[in-house]
Amino acid sequence: MKLENTIVIVADLGELKAYNVEKHEGMVGNELKISHSLKLINDENFISGRKKINEVVSDSAGRFHQGTLENHNLKEERENRTVKDIAHDIDAIVNEMKPAQLFLAFPKEHSHELENELSQATKAVLTKNVASDLVKTDKDKILSHFA
């Protein structure tokens, strides 16, 4: 798999990590060995995505679960807003780095929504989209999920 000029982004509703794929060449005996590693280029936390509803809602209706329909949709609205923020950040990274290809991993429950929010320029370089949460995965094992 060719990985020149590739960016790998793993994200969930609380965090986004972007990596540049670096190529390493070395001789082992008489044989040229090529390996790849990930270099962190961006690590961003989405604080609002990690907060629970009761940390955001301060009135008694939110605190005692006697909320209105408005509060019922608050969690979904916050998730949608966070997905849009993440898509915006991914677009900005792609716009700045101009990769030939993008590998993206985002949790299954919001993967489709995120892809819909991405710009056409980002979708054009999106080569692999894995519906999985790889944010906490060791960076040395992330590339294997895209093989």
Checklist entry - Residues of the range 70-99 being closer than 20 Å to Glu4 by Cα and either among the hydroxyl-bearing types (Ser, Thr, Tyr) or touching a Pro at 6+ places or on another chain (Cβ under 9 Å) (or both), which ones? => result Ile93
Item to check | Residue ID - surrounded by the most Cβ atoms within 10 Å (Cβ to Cβ), chosen from residues in the range 20-39 that are in contact with a Ser or Thr (Cβ under 9 Å, 6 or more places away or on another chain) and touching a residue at least 40 places away in the same chain (Cβ under 8 Å) | outcome: Val21
Checklist entry - Only one of these conditions is not met by Gly49: (1) at pLDDT 90 or above; (2) surrounded by 12 or more Cβ atoms within 10 Å (Cβ to Cβ). Which number is it? => result (1)
Item to check | Residue ID - farthest from Phe106 (Cα to Cα), chosen from residues in the range 1-50 that are in a strand (DSSP E or B) and among the polar types (S, T, N, Q) | outcome: Ser35
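The values are calculated or read from the model by the stated rules, or taken from the named source; none is laboratory data. All values reported here derive from a predicted model rather than from experimental measurement. Cβ: placed from backbone, ideal geometry, glycine included. Neighbour counts: every protein chain shown.
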